[in-house]
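The values are calculated or read from the model by the stated rules, or taken from the named source; none is laboratory data. Small disclaimer: the values here were computed from a predicted structure and weren't measured. Virtual Cβ from ideal backbone geometry, glycine too; neighbours counted across all protein chains shown. Protein only, heavy atoms only, side chains kept; ligands, DNA and RNA dropped before computing areas. Shrake-Rupley method; radii C 1.70, N 1.55, O 1.52, S 1.80 Å.
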Amino acid sequence: MKNKKVLIIVLLVVGAILYFTIPRTLYGNDEESIVKVIRKVEGDKDLTAIIELVEIKDIEEHRVVSFLYDNTPAYAHFIKNSIGNYRWVYVEKSGGVSLAQFMVNRIRGEDDAPVMLFVANGDNEVAKIQVHVNGEVLETEITPHTMDVAWVEIPGTNEKSYRFDYVYYDEEGNRIGNDD
């Protein structure tokens, strides 16, 4: 009888130790868990870093999260697994700009064209973006002076590459940047 009690106590202690020491998979199922995943991916380098979620967009089994990491535009890509949890696949941050462009690949299919994602912080002055893609001109608007997101659907091509040129405009319609 005494041996059974000792065995049960040992099993409970070992179980508790394993429960608290074995790392658990983090999923991007809600805002709180998404922030935890981003912190974990970044290696918990800066626990004081401010992470602001701008948009969570679900496209079939994909979840694309636009966010600011200490005011730096970024995005994270998750894929829903067979039991409905969003597993982290990819995170990318820009390099200290107020408006960043990211190519989000394979959210519609292996051979589909990528989708272009623009993420802006409150310092952004761009209001309209023209993207010249392989001879086609695509336009989108983004709200200046606030956190915002804009998506551009890239047209498919028979070529294996894309050529992109960008033109940016402010709120008054004035071109921003060089006139190359």
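For segment 86-94, indicate whether the set of residues that are at pLDDT 90 or above, surrounded by 15 or more Cβ atoms within 10 Å (Cβ to Cβ), within 12 Å of the chain's Cα centre (by Cα) and not in a strand (DSSP E or B) is non-empty.
Yes, the conditions are met somewhere in segment 86-94.
Yes or no, residue by residue, for (1) aromatic (Phe, Trp, Tyr); (2) touching a residue at least 12 places away in the same chain (Cβ under 8 Å); (3) open to solvent by less than 30 Å² (accessible area, probe 1.4 Å):
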{"site": "102", "(1), (2), (3)": "yes, yes, yes"}
{"site": "105", "(1), (2), (3)": "no, no, no"}
{"site": "117", "(1), (2), (3)": "no, yes, yes"}
{"site": "120", "(1), (2), (3)": "no, yes, yes"}
{"site": "163", "(1), (2), (3)": "no, yes, no"}
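Suppose we filter segment 151-161 for residues that are at pLDDT 80 or above and open to solvent by 70 Å² or more (accessible area, probe 1.4 Å); how many remain?
Count: 1.
State the number of residues belonging to segment 63-85 that are under 28 Å from residue 143 (Cα atoms) and open to solvent by less than 60 Å² (accessible area, probe 1.4 Å).
So the answer is 14.
Please go through segment 142-164 and pick out each residue that is farther than 20 Å from residue 65 by Cβ and in contact with an Asp or Glu (Cβ under 6 Å, 6 or more places away or on another chain).
144, 155
How many residues, within segment 59-83, are within 16 Å of residue 37 (Cβ to Cβ) and assigned to a loop (DSSP other than H, G, I, E, B)?
Of the residues in that region, 1 qualify.
Select from segment 122-150 the residues that are assigned to a loop (DSSP other than H, G, I, E, B) and open to solvent by less than 10 Å² (accessible area, probe 1.4 Å) and list them in ascending order.
124, 142
Taking residue 26 and the conditions (1) open to solvent by 80 Å² or more (accessible area, probe 1.4 Å); (2) modelled with pLDDT of 70 or more; (3) of a type in the set (A, V, I, L, M, F, W, C); (4) more than 27 Å from residue 143 (Cα to Cα), which numbered condition does it fall short on, given that it satisfies the others?
(1)
Can you name the residue in segment 47-62 that is at pLDDT below 95, open to solvent by less than 60 Å² (accessible area, probe 1.4 Å) and out of contact with any helix residue (DSSP H, G or I) (no Cβ under 6 Å at 6 or more places or on another chain) and, of all such residues, is farthest from residue 149 (Cα to Cα)?
Residue satisfying both the conditions and the ranking: 49.
Given the criterion on the phi < 0 side of the Ramachandran plot and outside any loop (DSSP other than H, G, I, E, B), identify the matching residue among 166, 162.
166
Could you check how many residues of segment 95-105 are at pLDDT below 90, under 10 Å from the mean Cα position of the chain (by Cα) and not aliphatic (A, V, I, L, M)?
0
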